[in-house]
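Trainee: Here it is, the structure in full.
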Amino acid sequence: MKLFSFILIFSTISLPIFAQQHKGDITGKIIDAVTQEPIPSVNIVVVEKSTVGASSDVEGIFKIRALEVGTYSLNVSALGYQPQIVTNVVITTGRATPVMIKLEESAIQVEGVTAEASYFSRAQQMSPVSANVLDRSEVLRSPGGIQDVQRVVQSLPGVASSTDNINELIVRGGAPFENLTILDHMEIPSINHYSNDFNSAGPINMVNADMIEDMQFSSGGFPAQYGDKSSSVMSLTVREGDRNKPFASKTSLNMAGIGTLIEGGFADGNGSYIFSARNSLLEIIDAIMGLSTISLTAIPKYWDTQGKLTYDLSPSQKLSLNMLYGDSRINLEGDPKAKDEERKNMLDSSSVWTMYPVTKQYAVGLSLRSLFGKEGYSMLTLYSSGTSNDMDITEDFAVRQRDANGDAQSYDILNSRKVFFNHSIESFVGAKYELFYQLGEQHSLSTGIQYQTSRKWDNDLYFAPDTARFDLNRDGTYETGPIVIPEGYFFQSIGLGDASKYFIYASDKYMVTPRLSLTLGLRYDHFTYSGKGAFNPRASLSYQLVPATSAITFATGKYSQTQPFPYYGDRRQIGYNRNLEHLDATHYVLGFEHILDRGLKLNIETYYKKYDRSGVGEDFIYSAIDTFWSDRMLAIGERYSYGVEFFLDQKQVEDYFGTLSVSLSKTEMKDPRIPPLTDWFPSEYDYPVVISAIGGKVVKGVRDWLNDAPFYLKYPSYILPFSNEMEISFKYRYQTGRTYTPQEYVTWRQDREGGVHWSNGAWIESDAVNSARYPDYSRLDLQWLSRYYMSGYNINVYFALMNVFNTKNVFFENHRSDGTVETVYQFAFFPVLGVEVEY
């Protein structure tokens, strides 16, 4: 109610100001997409105002001043380059709008024919297949993305997620740990709060979307430059600060947190800075709605900071310092008095768990870019990244007397014990050098080398012992047991240089003809800790059926990666898992793309992925033996995935924008059990149907129209944040339900609960692995953004409705030791209200 009143007061007070005409500026730079060389004498024309524009200077810089506030498109053209249209350029009074434009040379030129400007640039894509590029404005405006770059990626073809509680990426049947993340040339494990070794995702992204220049994403068939991951690449470029003014700022406040961004120039425009800091305020949601309303059980607390300093050593050399830091913590404290409607009028006993994980992450890097004119450029990056995790889990075994409503009238804790802890510090340092060289008109060469080595790697891990007994002949006598799975205490300390990864690669893009390009590459990766390495050949081609309109593409290659690092350890610290082979994946991708209309492109791709040597636990291999236990890992797993994807991408033309993605696929794993019970079974990453649709419209002049409307329309409209510049958008997502293995509650096995007494039974997984599915996932999000322009600053007000229909999407089923099942759901309906101030 208070937030609603704020909007009402804000709208009413500001009406006289909104009616004024305000102006803003565009500052931009234009470079060659291949050589990074600044391009002079480029013509930039504002599409909506054909007499307004500018020309770039010798450094590729241009400025368009005193343009009326609003949303525009730019038509960019230069002799020898493919004309390009840049959309969704928002002009504000608070800050000059930064634009970085990368042009590609025209491969085919016909005398007397003027090439039509394209809304899509192939030169920015990392590969001719399975690649997409999103700029800062597209990430910021995406409905349902909450300005989280990975949640925005989830709307691209081939991408699924097991839950919307985190920004997980399951790409073409690949595991979440198979995705490579690059932040300004630094290869880092994750950019998310609450990530881990098996899943680089998290509920909240640490990167401020307003600091992104662009994001390149490839879901397969990527070139030799990228590796040690077998599914996807996400490369983020952090933008520079505004060099034209010493200070500019943007502050945002919403129900999830508060953040501020500052930027500016120094040293007479030779340098720039940009810095962001954010802190969570999820306590607001708890106070207003209650966590259970949106399917949260605890309040995650986080803060993060990000910055970039840039300085031009000379016209051809630039030095950049990047940093990213995040602190994440959450208190999950079980309540022995918690209500349970499924246990009315019962004397029940169960475990109450308490955990308090704290994660701290950082990445810092120094990069030197050197331009060689029209020949190319090089990039040298020195960086370090690290993560510290502290988690302690305790178990209180309690007996409770419940009344007719399921409330605990009394309880008694019989035993308390620590069941798990993990205190780890994982950090490494790295150096990477890459050279991009244009050899004549036909060859674009790239080569690079990287060396990463452990800086400090301490892992202190404990598992409490587990005890079970078995009635194997089902006669009521437990003749086998108790069998004790020993407590696991694992301590590993790896010092500087003890575990290293390095790679070297070379690649050549050969323009066979103006329409046909062929890229060949070779890469070698090595992991010194396991002593294993792998060669990875890559190839791709693109043929333009109709220049700048239609093309067919193909890519293939081998993609090897190290196993998740915990796979290399064992409880007994003997080292029998240390020499695991790399996981291998082979990609085949065939695609077709066609420009259907202005700013509208259709992509159709089909792919096949074959996995070999994925890690499989020996425990699962011999699961037919009820009493067998082992923590040995074997690199024998086989998996395949194939599918077809359709993607329609509409850039903003005449105020409309949107995307439609349809992905059809199948992913199965070969049964590694001895003896095998089937040939293949569905993978846990199998999502046969994934559909994502985004649509939106920019609406202009509403506030002026309402001010001239009759009083019965004018005055009630003050309740809502109507302005002269609004965006109304939606996102709908559907995907097949996640697979799971059915479980049966049996009494022939009993577990020692809380170290106190034997359970009545235990849940046993069926032999039919992943033979069942949770209900299909469906969610609709709506978003409304209003921009208000003042003299010297502007305010953005946005209102989003997440999961509008309050669809109960299942997260998982919690199987309790007494035989009951609790269903845990993903995010329920919840509104998000936010305000941003730019000046």
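The values are calculated or read from the model by the stated rules, or taken from the named source; none is laboratory data. Being a predicted model, the structure only gives us computed values, none of them experimental. Here Cβ is always computed from backbone atoms with ideal geometry, including for glycine, and neighbour counts include all displayed protein chains. SASA here: full protein model, heavy atoms, side chains in, ligands and nucleic acids out. Shrake-Rupley method; radii C 1.70, N 1.55, O 1.52, S 1.80 Å.
Trainee: Tell me, which residue of segment 272-302 that is at pLDDT 85 or above and out of contact with any Ser or Thr (no Cβ under 7 Å at 6 or more places or on another chain) is nearest to residue 163 (Cα to Cα)? Even if it seems obvious, please write down each step before you answer.
Mentor: Let us first name the residues in segment 272-302 that are at pLDDT 85 or above, namely 272-280, 301-302.
Narrowing further to those that are out of contact with any Ser or Thr (no Cβ under 7 Å at 6 or more places or on another chain): 273-275, 278-280.
Values: 273: 37, 274: 33, 275: 31, 278: 25, 279: 24, 280: 21 Å.
Looking at the filtered set, the residue picked out is 280.
Trainee: Can you pull out the strands (runs of 3 or more DSSP E) entirely within segment 18-123 that have at least 1 residues that are open to solvent by 30 Å² or more (accessible area, probe 1.4 Å) and either within 28 Å of residue 210 (Cβ to Cβ) or at pLDDT 90 or above (or both)? Steps first, please.
Mentor: Working: elements: 23-32, 43-46, 49-55, 61-68, 70-77, 84-91, 97-103.
Of the strands (runs of 3 or more DSSP E) lying wholly inside segment 18-123, those with at least 1 residues that are open to solvent by 30 Å² or more (accessible area, probe 1.4 Å) and either within 28 Å of residue 210 (Cβ to Cβ) or at pLDDT 90 or above (or both) span 23-32, 43-46, 49-55, 61-68, 70-77, 97-103.
Trainee: Something else now. Condition first: among the acidic types (Asp, Glu) and assigned to a loop (DSSP other than H, G, I, E, B). Now tell me which residues in segment 800-823 satisfy that.
Mentor: Of all residues in segment 800-823, those among the acidic types (Asp, Glu) come to 813, 818, 822.
The one that is among the acidic types (Asp, Glu) and assigned to a loop (DSSP other than H, G, I, E, B): 818.
Trainee: Considering only segment 416-429, I want to know if a residue exists there that is open to solvent by 70 Å² or more (accessible area, probe 1.4 Å), part of a strand (DSSP E or B) and of a type in the set (Ser, Thr, Tyr).
Mentor: Yes, segment 416-429 has at least one match.
Trainee: Go through (1) surrounded by fewer than 20 Cβ atoms within 10 Å (Cβ to Cβ); (2) closer than 27 Å to residue 834 by Cα; (3) touching a strand residue (DSSP E or B) at 6+ places or on another chain (Cβ under 7 Å); (4) aromatic (Phe, Trp, Tyr) one by one and return the number of the condition residue 705 breaks.
Mentor: The failed condition is (3).
Trainee: Separate question: Could we say that residue 388 is within 30 Å of residue 456 (Cβ to Cβ), at pLDDT 75 or above, among the small types (Gly, Ala, Ser) and surrounded by fewer than 18 Cβ atoms within 10 Å (Cβ to Cβ) here? Even if it seems obvious, please write down each step before you answer.
Mentor: Values: within 30 Å of residue 456 (Cβ to Cβ): yes; at pLDDT 75 or above: yes; among the small types (Gly, Ala, Ser): yes; surrounded by fewer than 18 Cβ atoms within 10 Å (Cβ to Cβ): yes.
So residue 388 passes the test.
Trainee: Which residue pairs have Cβ atoms closer than 6 Å, lie 6 or more positions apart in sequence or on different chains, and pair a first residue in segment 755-776 that is closer than 17 Å to residue 816 by Cα and open to solvent by less than 20 Å² (accessible area, probe 1.4 Å) with a second residue that is modelled with pLDDT of 90 or more and part of a strand (DSSP E or B)?
Mentor: 761/745; 761/746
Trainee: Limited to segment 400-410, what total is found for residues that are part of a strand (DSSP E or B) and surrounded by fewer than 18 Cβ atoms within 10 Å (Cβ to Cβ)? Walk me through it before giving the result.
Mentor: Going residue by residue through segment 400-410, those that are part of a strand (DSSP E or B) are 400-402, 408-410.
Imposing the further condition that a residue be surrounded by fewer than 18 Cβ atoms within 10 Å (Cβ to Cβ) reduces the set to 401, 409-410.
Adding up the residues that qualify gives 3.
Trainee: Give segment 677-726 a look and list any residue that's part of a loop (DSSP other than H, G, I, E, B), of a type in the set (Gly, Ala, Ser) and farther than 18 Å from residue 799 by Cα, or say none.
Mentor: Keep residues of segment 677-726 that are part of a loop (DSSP other than H, G, I, E, B), which gives 677-679, 683-688, 701, 708-710, 715, 720-724.
This time we only want the ones that are of a type in the set (Gly, Ala, Ser), so: 683, 701, 709, 723.
Selection gives 683, 701, 709.
Trainee: May I pose another question? Being among the acidic types (Asp, Glu), farther than 30 Å from residue 590 by Cβ, modelled with pLDDT under 95 and not in a strand (DSSP E or B) is the requirement here; does residue 751 meet it?
Mentor: Working: among the acidic types (Asp, Glu): yes; farther than 30 Å from residue 590 by Cβ: yes; modelled with pLDDT under 95: yes; not in a strand (DSSP E or B): no.
Criteria not met by residue 751.
Trainee: Looking for whichever is touching a residue at least 24 places away in the same chain (Cβ under 8 Å) and either open to solvent by 10 Å² or more (accessible area, probe 1.4 Å) or under 25 Å from residue 612 (Cα atoms) (or both) here; the options are 513, 477, 556. Which one fits? If you could, list the steps in order and put the result at the bottom.
Mentor: On the way: 513 fails: touching a residue at least 24 places away in the same chain (Cβ under 8 Å); 477 fails: touching a residue at least 24 places away in the same chain (Cβ under 8 Å).
Only one candidate passes the filter, namely 556.
Trainee: Could you pull out every one of the strands (runs of 3 or more DSSP E) wholly within segment 305-371 that has 1 or more residues that are within 23 Å of residue 455 (Cβ to Cβ), open to solvent by 60 Å² or more (accessible area, probe 1.4 Å) and in contact (Cβ under 8 Å) with a residue 40 or more places away in the chain? Before you say what the answer is, go through the steps one by one.
Mentor: Details: elements: 317-330, 347-355, 358-371.
Hits in segment 305-371: 317-330, 358-371.
Trainee: Follow-up question, since we're still on this one. Can you name the residue in segment 626-640 that is among the hydrophobic types (A, V, I, L, M, F, W, C) and not in a strand (DSSP E or B) and, of all such residues, is surrounded by the most Cβ atoms within 10 Å (Cβ to Cβ)?
Mentor: My answer is 629.
Trainee: Could you go through segment 609-616 and let me know if any residue there is at positive phi and either modelled with pLDDT of 95 or more or assigned to a strand (DSSP E or B) (or both). Even if it seems obvious, please write down each step before you answer.
Mentor: Of all residues in segment 609-616, those at positive phi come to 613.
Next, only the ones that are either modelled with pLDDT of 95 or more or assigned to a strand (DSSP E or B) (or both) stay: 613.
Yes, because at least one residue in segment 609-616 is at positive phi and either modelled with pLDDT of 95 or more or assigned to a strand (DSSP E or B) (or both).
Trainee: I would also like to ask the following. Going by the structure shown, is residue 131 within 30 Å of residue 521 (Cα to Cα) and surrounded by fewer than 17 Cβ atoms within 10 Å (Cβ to Cβ)? Give the derivation first.
Mentor: Working: within 30 Å of residue 521 (Cα to Cα): yes; surrounded by fewer than 17 Cβ atoms within 10 Å (Cβ to Cβ): no.
No: the conditions fail for residue 131.
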